[in-house]
Amino acid sequence: MSGVRVLVGTRKGAFVLTSDGARKDWKVSGPHFPGWEMYHVKGSPVDPNRIYASQTSGWFGQVIQRSDDGGETWEPVNGDFTYATPTGDHLWYDGTPKPWGFTRVWHLEPSLTDPDTVLAGVEDAAMFRSTDGGQSWSELTGLRTHRTAEGWMPGAGGLGAHTILQDASNPGRIYTAISAAGVFRSDDDGATWEPRNQGLVSEGIPDGSAEVGHCVHRITMHPSRPETLYMQKHWDVMRSDDGGANWREISGNLPSDFGFPIDVHAHEPETVYVIPIVSDSEHFPPEGKLRVYRSRSGGDEWEPLTKGLPQENCFVNIFRDAMCVDQMDPCGLYFGTTGGQVYGSSDGGDTWQAIVHDLPSVYSVEVQTLP
Amino acid sequence: MTSSHTVRVVIPLHLRRLAQVDGEVQLEVAGNEAGEVTQRAILDALESKYPVLEGLTRDRVTKRRRPLVRFFACSEDLSNEDPDAPLPSAVADGTEPYLVVGSMAGG
């Protein structure tokens, strides 16, 4: 493998960070799409030159950008995410019904097998698929029209379908997570969906063990263990070993089990990373110390990783899509902060360096391991 | 008989970049039965010439103005006017531009 390309979406544009296999010296390009909110930028796992980007603006709405040359040049494709069927209502914050309305694409998940196929998770929560490289989109209506959907209520950031996982061993199986509805799984390529929230307990909802209503912040899996899922919830770090049918808490000795991102080591399916923040009221690291926590036992026992990270006066947050791992050996990790830093580690998290430190607030970080 | 008018339109920086244009754009806009130019006709022509702008000034389905986009001409705010109402002749004859503006809000 020749190197890595880190794709960074920020509040005011996108940036591309590239390095060779050593991952010490970096070239920075950008901003691409300056001034626009770049919610997510992600490359195809089968064609690293193909990259999709969600470009959005409170003024002008949604644009989808596509690159066919690894982020050197971009082409706007189709940003039409009109819901395919008449919309009903979901719950608004005050408990009143609110009509479904598209706001933005939160997450783009390229297919594991076809560079022209990509899934999009959107706010208000729904999923779309393109099979022509973003030239057109079709809604997978089974999610938005789920029997529980009229009871979904947005999280503080909106009713977003923010996480999409594809099971490489079972091509029809897709997971999504919605704030604040929870995890849903489809076993028929997105046609129908069922909640997978058994075992989650959320104090912020009337029935803490309800079928839906949980503010799941992110889920992740290792491709070699597709039945094992890890979750960072609004509170609690969780694990499932049966494809989301049942969850158990693995927060263990974390200083806080509140946070947004969670990811798994590329080569060690039981090595998991989270970045705790204080609470839902204080979105910054405990004690002003930026610490990535690593568990090598699949949860419960966590160790702080601090070398190269600020250990005083650090009050940034790390968003749910702003941490990722590469496929190099040793495995590299990357995360971006609301303070505009992107940190990288080329040794599984033992040591860190700030690749850049003065970008706009970072929304998403994804990495491509280049052949 | 349908008339055609060359209308000058100024769009914001972000939309100019998407459309890959510099400065004003000139659009051939069809007049209504009375030979008048309307906001709807201008925006239809804009989206026809630059499809990438579809949905970015008004809703794709309802064609309602996006909340933080404003439409000005001849020193008047036309944002809340009937999109099928005739525009001043100074816009229709190209003397004055039609302005699409991102409203002043937020950072």
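FYI, it's all coordinate maths here, none of it is from the lab. No experiment lies behind these values; they were computed from the predicted model shown. Positions of Cβ are backbone-derived with ideal geometry, glycine not excepted, and every protein chain shown enters the neighbour counts.
Worth a mention:
- Restricting A:THR85, A:THR113 to those that are surrounded by fewer than 20 Cβ atoms within 10 Å (Cβ to Cβ), in contact (Cβ under 8 Å) with a residue 24 or more places away in the chain, assigned to a loop (DSSP other than H, G, I, E, B) and away from chain B (no Cβ under 14 Å) reduces the list to A:THR113.
- Any chance B:THR95 is of a type in the set (S, T, N, Q) and surrounded by 17 or more Cβ atoms within 10 Å (Cβ to Cβ): no
- Residues within the stretch A:147-191 that are hydrophobic (A, V, I, L, M, F, W, C), closer than 21 Å to A:GLY95 by Cα and either assigned to a loop (DSSP other than H, G, I, E, B) or in contact (Cβ under 8 Å) with a residue 60 or more places away in the chain (or both), tallied: 7
- Only a single item in (1) within 21 Å of the chain's Cα centre (by Cα); (2) β-branched (Val, Ile, Thr); (3) closer than 29 Å to A:TRP352 by Cα is not met by A:VAL28, and it is number (1).
- Residue that is farthest from B:LEU15 (Cα to Cα), among those in the stretch B:50-63 that are of a type outside the set (Gly, Ala, Ser) and touching a strand residue (DSSP E or B) at 6+ places or on another chain (Cβ under 6 Å): B:ARG58
- Number of the condition not met by A:GLY71 [criteria: (1) within 17 Å of B:LEU15 (Cβ to Cβ); (2) assigned to a loop (DSSP other than H, G, I, E, B)]: (1)
- Scan the stretch A:329-361 for residues that are crowded, with 19+ Cβ neighbours inside 10 Å, touching a Gly at 6+ places or on another chain (Cβ under 6 Å) and closer than 16 Å to A:THR18 by Cβ and the total you get is 5.
- As a summary of the residue check, A:LEU108 satisfies the conditions (1) away from every other protein chain (no Cβ under 14 Å); (2) in a loop (DSSP other than H, G, I, E, B); (3) within 23 Å of the chain's Cα centre (by Cα) except for the one numbered (2).
- Some residue of the stretch A:318-326 being in a loop (DSSP other than H, G, I, E, B) and either of a type in the set (D, E, K, R) or surrounded by fewer than 22 Cβ atoms within 10 Å (Cβ to Cβ) (or both): yes
- Close pairs from the stretch A:122-146: first closer than 19 Å to A:ASP89 by Cα, partner surrounded by fewer than 18 Cβ atoms within 10 Å (Cβ to Cβ) and among the charged types (D, E, K, R), Cβ under 9 Å, at least 6 apart: A:ASP124/A:LYS98; A:LEU140/A:ASP189; A:GLY142/A:ASP188; A:HIS146/A:GLU194
- Residues located in the stretch B:16-74, provided they are part of a loop (DSSP other than H, G, I, E, B), more than 10 Å from chain A (Cβ to nearest Cβ), among the polar types (S, T, N, Q) and more than 15 Å from B:LEU87 (Cα to Cα): B:THR62
This table checks each residue for (1) over 22 Å from the mean Cα position of the chain (by Cα); (2) within 12 Å of chain B (Cβ to nearest Cβ); (3) not charged (D, E, K, R).
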position	(1), (2), (3)
A:PRO45	no, no, yes
A:SER54	no, no, yes
A:PRO76	yes, yes, yes
A:LYS98	yes, no, no
